[in-house]
Amino acid sequence: MTPLVFLPGMMCDARLFSPQISALSGRVPLMTMPLAQQDTTAGLACDILACAPEKFVLVGLSMGGIVAMEVLRQAPERVLGMALMDTNPLAEMEEFKQRRGPQIIAAQTGKLDRVMQDEMIPNYLADPEGNTDILELCRDMATGLGADVFINQSKALRDRIDQTETLKKYKGPALILCGREDKLCPVSRHQMMHSLISDSALEIIENAGHMPTLEKPDETTAILLRWLEDL
C-alpha cells in the first residue's frame, strides 16, 4: 500500500492533520515530516526525500504544499499522487517579501508570540470567534516550534521559486482542495493549479478558511479518502 507523507503548514506540526491521521492511520502507512531544519524549499525537499519511502503520496497544506511542489520538481518519479491544500504555486509577491524582514527581526528579538498573534493567526480561519480551540492549537504549535523554525521557514517562503512549470509537467493524480474563505491562498490560485494539472480534482470547502483540515475535518477527511480510494 502506498505510504502517505504529510507536510504541515508554516509553524504547524502533525496536529494540523490530526483528524485525517486519526481516520487513515489504520488503513495506510503514513508519516509527517517537519519543515524545520533548512531555510530553503530546496533544502527542505532534500530532507524529505532522504527520509521518505521510495514511492509515496504527498499531502501538503499551505507551506507544506509549497514544499510538496519542490519535492515533485526534484523527484517526480517518486511521487505517485499529490494533495495540495490551501497553497500557492507562485513565487512570493514583493509586498509579502517586504513583511518578512521585520517579522524575522521580531522573532530574533523574542517577539515571535506577537507576530503570530497579530499578523499570522488572524488570517487562518473563516470563523475565528467560533473556533477558539483551533486558534489556541495554532499558538501552541508555533510556541513549540520556536523562533529558529519561524526564521528558517520565513526565508524559505520568501525565496521560493515559481512552480507552475513543475505542475504543468506532472502527469500523475492530484487533489486540489481549499477553503472557500481562505484569505492567504484564494480559490483562484487553486483553480489555476487545477488547470495546470491534467489529472486533478478540485474541491472547495464552504465555510472554511486556510485550515479546512481542522475547521471542517469530517468533510476534508471524506474528500481525501475518496480521492485516495480512486488512486
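With the structure loaded, tell me whether residue 219 is open to solvent by 70 Å² or more (accessible area, probe 1.4 Å), more than 20 Å from residue 80 (Cβ to Cβ) and either within 17 Å of the chain's Cα centre (by Cα) or not β-branched (Val, Ile, Thr) (or both) or whether it fails that test. Show your work before the answer.
Working: open to solvent by 70 Å² or more (accessible area, probe 1.4 Å): yes; more than 20 Å from residue 80 (Cβ to Cβ): yes; either within 17 Å of the chain's Cα centre (by Cα) or not β-branched (Val, Ile, Thr) (or both): yes.
So residue 219 passes the test.
In the range 40-68, which residue that is touching an Asp or Glu at 6+ places or on another chain (Cβ under 8 Å) and not in a helix (DSSP H, G or I) is least open to solvent (accessible area, probe 1.4 Å)?
Going through the qualifying residues, I end up with 61.
Give the residues of the range 193-216 that are more than 20 Å from residue 124 (Cβ to Cβ), assigned to a helix (DSSP H, G or I) and open to solvent by less than 60 Å² (accessible area, probe 1.4 Å), sorted by residue number.
Filtering the range 193-216 for residues more than 20 Å from residue 124 (Cβ to Cβ) gives 193-202.
Then keep just the ones that are assigned to a helix (DSSP H, G or I); that gives 193-196.
If the condition is that a residue be more than 20 Å from residue 124 (Cβ to Cβ), assigned to a helix (DSSP H, G or I) and open to solvent by less than 60 Å² (accessible area, probe 1.4 Å), then 193, 196 are the ones that fit.
Can you confirm whether residue 104 is within 22 Å of residue 6 (Cα to Cα) and β-branched (Val, Ile, Thr)?
Values: within 22 Å of residue 6 (Cα to Cα): no; β-branched (Val, Ile, Thr): yes.
Spelling it out, it is not the case that residue 104 is within 22 Å of residue 6 (Cα to Cα) and β-branched (Val, Ile, Thr).
Output the residues belonging to the range 65-84 that are touching a residue at least 24 places away in the same chain (Cβ under 8 Å), out of contact with any Ser or Thr (no Cβ under 7 Å at 6 or more places or on another chain) and not β-branched (Val, Ile, Thr).
68, 74, 75, 76, 78, 81, 82, 83, 84, listed by residue number.
Kindly provide the set of residues from the range 165-175 that are in a helix (DSSP H, G or I) and either surrounded by 15 or more Cβ atoms within 10 Å (Cβ to Cβ) or in contact with an Asp or Glu (Cβ under 6 Å, 6 or more places away or on another chain) (or both), ordered by number.
Matches in the range 165-175: 166, 167.
Out of 189, 158, I need the residue that is on the phi < 0 side of the Ramachandran plot, open to solvent by less than 60 Å² (accessible area, probe 1.4 Å) and either within 16 Å of the chain's Cα centre (by Cα) or without any contact (Cβ under 8 Å) to a residue 12 or more places away in the chain (or both). Which one?
Among 189, 158, only 189 is on the phi < 0 side of the Ramachandran plot, open to solvent by less than 60 Å² (accessible area, probe 1.4 Å) and either within 16 Å of the chain's Cα centre (by Cα) or without any contact (Cβ under 8 Å) to a residue 12 or more places away in the chain (or both).
The values are calculated or read from the model by the stated rules, or taken from the named source; none is laboratory data. None of the values given here were measured: they were computed from a predicted structure. Cβ: placed from backbone, ideal geometry, glycine included. Neighbour counts: every protein chain shown. Side chains are part of the model used for accessible areas, which takes the heavy atoms of the whole protein and leaves out ligands, DNA and RNA. Shrake-Rupley method; radii C 1.70, N 1.55, O 1.52, S 1.80 Å.
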